[in-house]
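Right, one structure below, let's go through it.
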Amino acid sequence: MAVNPVGWICECSDPACAFRFPAGLEDERRLHCPLCGAPTVCQLLPPKEGEEGDTRRVSKIGPAVVLLLDNLRSAYNVGSLLRTAEGAGVAHVHLCGITPRPDHPRVAKTGLGAEQIVPWSYHPNAVHAARKLMRAGWRLWSLETGARAEPIFQLAAQDADRVVLAVGSEVTGVDPALLGLSERIVCLPMAGAKRSLNVASAGAVAVYWLRYGGKDS
């Protein structure tokens, strides 16, 4: 069966430079090194292995998870979290307050199509949305630092079967009212000088831990 290439991997022909870089199928800039201008040698790149029947897919999955995005400002962070949600099998994403919606043009830059796949809904008030989910049997956990925060890797994801993970504003964090409602506040341990990761990075780690991690995995 024919394999459709996805692009090129190119290397400068000048051994003193030897710059190596990827290029799109129709990108004629691949023909010359962007650093020194020498001709390049290019090789076609086949599709990544596992696009069909991906062997990375696993059968053991943790609790059902929905994301509650509480007043995120960055459309790029929203897009990234939607891509994480699609990859991890998050059931639904609740966008609250000022959080950009998936139809925002910048969300697609990092969502890469996930914004068209993941089920989502918008709520003007994150606290009201969380209370409604809790009444339906979901358990609210918030991703935040502070005195109540527990390192997420010390928990067993199987402690809950349906988790709403609240992720808060890049500047102000999770709404204090949501923290007050939360059964658990979870954090990522930080070994460096910085106290936290970018919200999209932290949210991705937490979501995958809930879905595939935990002490009993």
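The values are calculated or read from the model by the stated rules, or taken from the named source; none is laboratory data. These numbers were taken from a predicted model, which means no experiment stands behind them. Backbone-built Cβ (ideal geometry, glycine too); neighbour counts: all protein chains shown.
Conditions tested, residue by residue: (1) surrounded by fewer than 14 Cβ atoms within 10 Å (Cβ to Cβ); (2) at pLDDT 95 or above.
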| site | (1), (2) |
| --- | --- |
| VAL3 | yes, no |
| CYS10 | no, yes |
| ARG20 | yes, yes |
| ARG29 | yes, no |
| PRO39 | yes, yes |
| PRO63 | no, no |
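Would you check if there is a residue in segment 181-189 being touching an Asp or Glu at 6+ places or on another chain (Cβ under 6 Å) and surrounded by 13 or more Cβ atoms within 10 Å (Cβ to Cβ)? Among the residues of segment 181-189, at least one is touching an Asp or Glu at 6+ places or on another chain (Cβ under 6 Å) and surrounded by 13 or more Cβ atoms within 10 Å (Cβ to Cβ), which makes the answer yes.
Out of all the residues in segment 179-197, is one or more more than 13 Å from the chain's Cα centre (by Cα), assigned to a helix (DSSP H, G or I) and touching a residue at least 40 places away in the same chain (Cβ under 8 Å)? For segment 179-197, residues more than 13 Å from the chain's Cα centre (by Cα), assigned to a helix (DSSP H, G or I) and touching a residue at least 40 places away in the same chain (Cβ under 8 Å): present.
Here GLY87 clears all of (1) within 23 Å of CYS187 (Cβ to Cβ); (2) without any contact (Cβ under 8 Å) to a residue 40 or more places away in the chain; (3) part of a loop (DSSP other than H, G, I, E, B) except the condition numbered (3). Condition first: part of a loop (DSSP other than H, G, I, E, B), closer than 26 Å to ALA75 by Cα and basic (Lys, Arg). Can you find one or more residues in segment 103-117 that meet it? Looking through segment 103-117, at least one residue is part of a loop (DSSP other than H, G, I, E, B), closer than 26 Å to ALA75 by Cα and basic (Lys, Arg).
Screening VAL174 with (1) surrounded by fewer than 20 Cβ atoms within 10 Å (Cβ to Cβ); (2) touching a Gly at 6+ places or on another chain (Cβ under 6 Å) gives one miss only, at (1).
Going by what's in this entry, would VAL127 be described as crowded, with 22+ Cβ neighbours inside 10 Å and closer than 27 Å to PRO102 by Cβ? It is false that VAL127 is crowded, with 22+ Cβ neighbours inside 10 Å and closer than 27 Å to PRO102 by Cβ. You will find that of GLY214, GLY146, the residue that is modelled with pLDDT under 95, surrounded by fewer than 17 Cβ atoms within 10 Å (Cβ to Cβ) and on the phi > 0 side of the Ramachandran plot is GLY146 and no other. Can ASP161 be described as at pLDDT 90 or above, of a type in the set (D, E, K, R) and out of contact with any His (no Cβ under 6 Å at 6 or more places or on another chain)? So ASP161 does not fit the description; no.
Within segment 82-124, the set of residues being under 17 Å from GLY168 (Cα atoms), surrounded by fewer than 18 Cβ atoms within 10 Å (Cβ to Cβ) and β-branched (Val, Ile, Thr) comprises just one member, ILE98.
The test for being farther than 17 Å from GLY62 by Cβ, in the same structural domain as LEU68 (by TED's automatic domain parsing) and crowded, with 16+ Cβ neighbours inside 10 Å does not hold for VAL164.
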